[in-house]
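Structure record follows, encoded as structure tokens.
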Amino acid sequence: MKKLLFVMAMLCCLSIDAQKKWTLDDCINYAMENNITLKMSKVKEKSSLEDVKQSKAALLPTLSASTSQGTGYSPFDKTKTDKVNYTGSYNVNAQWTVWNGGQNTNALKLNKLTARQAELNTNETANSIQEAITKLYIQILYMTEAIEVKRQSLETSKKNEERGRQMVEVGKMSKADLAQLTAQRAAGEYDIVEAETQLAKQKQQLKLELELLEEKNFDVAIPTTTDQQALAEIPSMTSVYEAALAQRPEIKNAQLSIESSDIQLKNAKAGKLPTITLNGGASTSTNTLSSQAWGTQMKNGFGLSASVGVNIPIVDGRKTKTAINKAQLAQEQAIMQLRGEEKDLYATIESLWLDAVNNQEKFRSATASVESEQESYNLLQEQFNLGLKNIVELLSGKDKLLTAQQNKLQSKYTTILAQQLLKFYQNGTIKI
């Protein structure tokens, strides 16, 4: 029995150790397959492809078949021996729009552009999801490391409190000063609990972004991030913007909108042109009042027909004129939309670039500040233990050190995030 319990305990431990911890790549790859918003966008993309197929078929002739079966009753016609008769008609009709000012071919071009835009909309959605996941993931990395710094600070507070008790026992410190050390230790414990709560919320938000609603043991893999990552060379803003202009889906989408507006304008102008159609058909009929056999009636009644139709618009209640004017306005709007997308893209990249550059400088300064504050605090502790510094100076020195450490972490991860997003806008990849 003891062996069985031991084996079960080992299996439980292995299961816990084997619990999946999600890397950034894991999160992004899973979201690309399972995010509901992205799936809905892909459905719209498939729907637009159906429109392309339909517009291709519209270039071909249409063919239809019809039949009509009827009955008649002539109760007072004495010339007829059979008062009830049955009739049948059979028709096959074909129609083909030979020319309508290019509207059918333009419709095909327009639907192809729409399908391409739907694909780009999917890419835009995917990019937005990747950016959101990256921000949450790096925020989790920052908070995890920040909690570790707070724990180290708490350990120092506990040591100071213990040292204070010893000094109170030998009469070298008042109980009021010890109370301040105790308060600092308690504040440190509270800060850790608060930080862990915020970290749990960030993980929950990431889990929701991944559609992992039923995943109870979700956790994130914590890669080792170095100071060198934050100090890596930042690409020039111009190079990032030029690369983004060439490959970002929102820019390509806006460019396609201009192409679409050009085609819509051509279609509107085609409303002034004639439409030429070809019509053809075959028909026959039968009637029970005939003395001929059914097959003979079908043969004798068989006939073919063909016609050419020309429709020339003359007065259409200003429909064509209105359509042309609206198409021209849509064209202007598409051009302005492209300019707006380019402006927004530039503003986003500029903001990321400034974040990267400014926070990298802050990180350098904060690194030097941490080293300085650490040396200063170590000296304060030694002098405090010798009775050369008072409790206020010790507490103040510890607060300054913790603030410097937090500033360093914040600038480090803000720089890394900005760098990664700049790379994403430049080449479409995110890698930590």
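What to note about this one:
- In the set Lys412, Lys389, Lys400, only one residue is of a type outside the set (A, V, I, L, M) and within 32 Å of the chain's Cα centre (by Cα); that residue is Lys412.
- The number of residues in the stretch 252-290 being touching a Leu at 6+ places or on another chain (Cβ under 8 Å) and either within 18 Å of Lys319 (Cα to Cα) or open to solvent by 50 Å² or more (accessible area, probe 1.4 Å) (or both) comes to 6.
- If you go through the stretch 168-186 and pick out every residue that is free of Cβ contacts under 8 Å to residues at least 12 places away in the same chain, part of a helix (DSSP H, G or I) and open to solvent by less than 80 Å² (accessible area, probe 1.4 Å), you end up with 5.
- Filtered residues of the stretch 128-147 (kept if among the polar types (S, T, N, Q) and either open to solvent by 10 Å² or more (accessible area, probe 1.4 Å) or more than 12 Å from Leu421 (Cβ to Cβ) (or both)): Ser128, Gln130, Gln139, Thr144
- Of all residues in the stretch 383-396, those that are in contact (Cβ under 8 Å) with a residue 60 or more places away in the chain have Cβ atoms under 9 Å from Cβ atoms of residues that are of a type in the set (Phe, Trp, Tyr), 6 or more apart or on another chain, in Asn390/Phe384; Ile391/Phe384; Leu394/Tyr377; Leu394/Phe384.
- Flag for Lys216 being basic (Lys, Arg), open to solvent by 40 Å² or more (accessible area, probe 1.4 Å) and either touching an Asp or Glu at 6+ places or on another chain (Cβ under 6 Å) or closer than 30 Å to Thr144 by Cβ (or both): yes
- When Ser365 is tested against (1) surrounded by fewer than 17 Cβ atoms within 10 Å (Cβ to Cβ); (2) more than 29 Å from Leu154 (Cα to Cα), only condition (2) is not met.
- Meets criteria (surrounded by fewer than 17 Cβ atoms within 10 Å (Cβ to Cβ) and over 24 Å from the mean Cα position of the chain (by Cα)) for Asn378: yes
- If you go through the stretch 420-432 and keep only what is assigned to a helix (DSSP H, G or I) and open to solvent by 10 Å² or more (accessible area, probe 1.4 Å), you end up with Gln420, Lys423, Tyr425, Gln426, Asn427.
- When Lys252, Lys269 are checked against the criterion of being at pLDDT 95 or above, among the basic types (Lys, Arg) and in a helix (DSSP H, G or I), a single residue qualifies: Lys252.
- Residues of the stretch 219-235 satisfying the condition of being open to solvent by 40 Å² or more (accessible area, probe 1.4 Å) and either closer than 16 Å to Gly428 by Cα or without any contact (Cβ under 8 Å) to a residue 40 or more places away in the chain (or both): Thr224, Thr226, Gln228, Glu233
- Any hit, the stretch 321-332, residues being in contact with an Asp or Glu (Cβ under 8 Å, 6 or more places away or on another chain), at pLDDT 95 or above and not in a strand (DSSP E or B): yes
- In the stretch 187-213, the residues that are open to solvent by less than 70 Å² (accessible area, probe 1.4 Å) and of a type in the set (A, V, I, L, M, F, W, C): Ala187, Ile192, Ala195, Leu199, Ala200, Leu206, Leu210, Leu212
- When every residue of the stretch 302-313 is checked against the conditions, at least one turns out to be under 28 Å from Asn93 (Cβ atoms), open to solvent by 70 Å² or more (accessible area, probe 1.4 Å) and not hydrophobic (A, V, I, L, M, F, W, C).
- Residue match in the stretch 85-96 (condition: aromatic (Phe, Trp, Tyr), over 30 Å from Glu259 (Cβ atoms) and not in a loop (DSSP other than H, G, I, E, B)): yes
- As for the stretch 34-52, it holds at least one residue that is loosely packed, with under 14 Cβ neighbours inside 10 Å, aliphatic (A, V, I, L, M) and modelled with pLDDT under 95.
- Of the residues making up the stretch 11-33, those that are at pLDDT 50 or above and either of a type in the set (D, E, K, R) or over 25 Å from Lys431 (Cβ atoms) (or both) number 6.
The values are calculated or read from the model by the stated rules, or taken from the named source; none is laboratory data. Keep in mind that this is a model prediction, so the values were computed, not measured. When we count neighbours, we look across all protein chains shown, and the Cβ atoms used for this are built from the backbone with ideal geometry, even at glycine. Calculation scope for accessible area: heavy atoms of the full protein, side chains included, ligands and nucleic acids excluded. Shrake-Rupley method; radii C 1.70, N 1.55, O 1.52, S 1.80 Å.
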